[in-house]
Amino acid sequence: MAGAFRALLLVGGVLLIAVAIVVGFLLHSRIIDMVGTARLVSGLALRAGEFALLSAGAWCAVRGWNGRLD
(Lines give C-alpha, C1' and ligand atoms only; values in the text may rest on other atoms or scores of the structure.)
Protein backbone atom coordinates (compact mmCIF):
# COMPACT_ATOMS: atom_id res chain seq x y z
CA MET A 1 0.00 0.00 0.00
CA ALA A 2 1.34 3.42 -0.88
CA GLY A 3 2.60 5.57 1.97
CA ALA A 4 0.35 8.47 1.03
CA PHE A 5 -2.75 6.28 1.13
CA ARG A 6 -1.74 4.91 4.53
CA ALA A 7 -1.30 8.46 5.82
CA LEU A 8 -4.72 9.45 4.47
CA LEU A 9 -6.32 6.48 6.21
CA LEU A 10 -4.64 7.38 9.50
CA VAL A 11 -5.54 11.07 9.29
CA GLY A 12 -9.08 10.27 8.16
CA GLY A 13 -9.53 7.84 11.05
CA VAL A 14 -8.32 10.35 13.60
CA LEU A 15 -10.59 13.03 12.13
CA LEU A 16 -13.61 10.74 12.27
CA ILE A 17 -12.91 9.92 15.90
CA ALA A 18 -12.50 13.63 16.72
CA VAL A 19 -15.76 14.49 14.94
CA ALA A 20 -17.60 11.80 16.92
CA ILE A 21 -16.29 13.23 20.18
CA VAL A 22 -17.13 16.83 19.29
CA VAL A 23 -20.61 16.01 17.97
CA GLY A 24 -21.38 13.92 21.04
CA PHE A 25 -20.17 16.71 23.33
CA LEU A 26 -22.14 19.44 21.55
CA LEU A 27 -25.42 17.55 21.24
CA HIS A 28 -25.37 15.96 24.69
CA SER A 29 -26.72 19.01 26.53
CA ARG A 30 -29.58 19.46 24.03
CA ILE A 31 -30.66 15.87 24.53
CA ILE A 32 -30.50 16.15 28.33
CA ASP A 33 -32.93 19.11 28.15
CA MET A 34 -35.52 17.03 26.25
CA VAL A 35 -38.16 14.92 27.96
CA GLY A 36 -40.06 11.75 27.19
CA THR A 37 -39.92 9.92 23.90
CA ALA A 38 -38.01 12.69 22.13
CA ARG A 39 -35.16 12.29 24.62
CA LEU A 40 -35.09 8.52 24.18
CA VAL A 41 -35.15 8.61 20.39
CA SER A 42 -32.63 11.43 20.17
CA GLY A 43 -30.33 9.75 22.66
CA LEU A 44 -30.43 6.46 20.78
CA ALA A 45 -29.80 8.22 17.47
CA LEU A 46 -26.85 10.10 18.98
CA ARG A 47 -25.36 6.90 20.38
CA ALA A 48 -25.82 5.09 17.06
CA GLY A 49 -24.17 7.96 15.19
CA GLU A 50 -21.31 8.09 17.67
CA PHE A 51 -20.81 4.35 17.35
CA ALA A 52 -20.78 4.55 13.56
CA LEU A 53 -18.26 7.39 13.49
CA LEU A 54 -16.01 5.82 16.12
CA SER A 55 -16.10 2.43 14.42
CA ALA A 56 -15.33 3.91 11.00
CA GLY A 57 -12.53 6.03 12.46
CA ALA A 58 -11.00 3.09 14.27
CA TRP A 59 -11.22 0.94 11.14
CA CYS A 60 -9.50 3.59 9.00
CA ALA A 61 -6.78 4.24 11.58
CA VAL A 62 -6.03 0.54 12.09
CA ARG A 63 -5.98 -0.19 8.35
CA GLY A 64 -3.71 2.76 7.77
CA TRP A 65 -1.39 1.70 10.58
CA ASN A 66 -1.24 -1.93 9.46
CA GLY A 67 -0.83 -1.01 5.81
CA ARG A 68 -3.23 -3.45 4.18
CA LEU A 69 -6.84 -3.46 3.09
CA ASP A 70 -7.92 -7.11 3.51
Practice task
Pop a pseudo-label 7 angstrom from the Cα along the beta-carbon direction at both Ile32 and Leu46 and give the gap in nm to one decimal.
Solution key: 0.9 nm
Practice task
Per DSSP H run of n ≥ 4, the term is -39500 (n - 2.57); total these for the chain, divide by its residue number, and report the mean residue ellipticity at 222 nm rounded to 500 deg cm²/dmol.
Solution key: -32000 deg cm²/dmol
Practice task
Quick one: angle between helix 3-33 and the longest Cα principal axis of the chain, in degrees between 0 and 90, rounded to 10, please.
Solution key: 10 degrees
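At a 1.4 Å probe, what is the % contribution of carbon and sulfur to the accessible area of the stretch 8-66? Kindly include the intermediate steps, with their values, before the conclusion.
Numbers: 3200 of 4060 Å².
Roughly 79 percent, rounded to a whole number.
Tell me, what is the percent relative contact order of the chain, built from C-alpha pairs under 8 Å that lie six or more residues apart?
On the way: 57 pairs, mean separation 41.2, N = 70.
Value for the chain: 59 percent.
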Exercise for the section: On a 0 to 90° scale, report how tilted helix 36-66 is relative to the longest principal axis of the chain, with both axes built from alpha carbons and the result rounded to the nearest 10. Expected result: 10 degrees
Handout entry: Packing rank of 26-39, 7-20, where each peptide gets the mean count of other beta carbons within 10 Å, highest leading
Key = 7-20, 26-39
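Write down the accessible area per residue of the chain in Å², having rolled a 1.4 Å probe over the full set of protein chains.
Values: 4950 Å² over 70 residues.
Using a 1.4 Å probe on heavy atoms only, each residue of the chain averages 71 Å².
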Exercise for the section: Give the span of the chain's Cα atoms along each principal axis, as three whole-Å numbers ordered largest to smallest. Expected result: 50, 21, 11
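The values are calculated or read from the model by the stated rules, or taken from the named source; none is laboratory data. All values reported here derive from a predicted model rather than from experimental measurement. Don't worry about glycine lacking a Cβ; one is built from the backbone with ideal geometry, like all the others, and counts go over all protein chains shown. These accessible areas exclude ligands, DNA and RNA; they are computed on the full protein's heavy atoms, side chains included. Shrake-Rupley method; radii C 1.70, N 1.55, O 1.52, S 1.80 Å.
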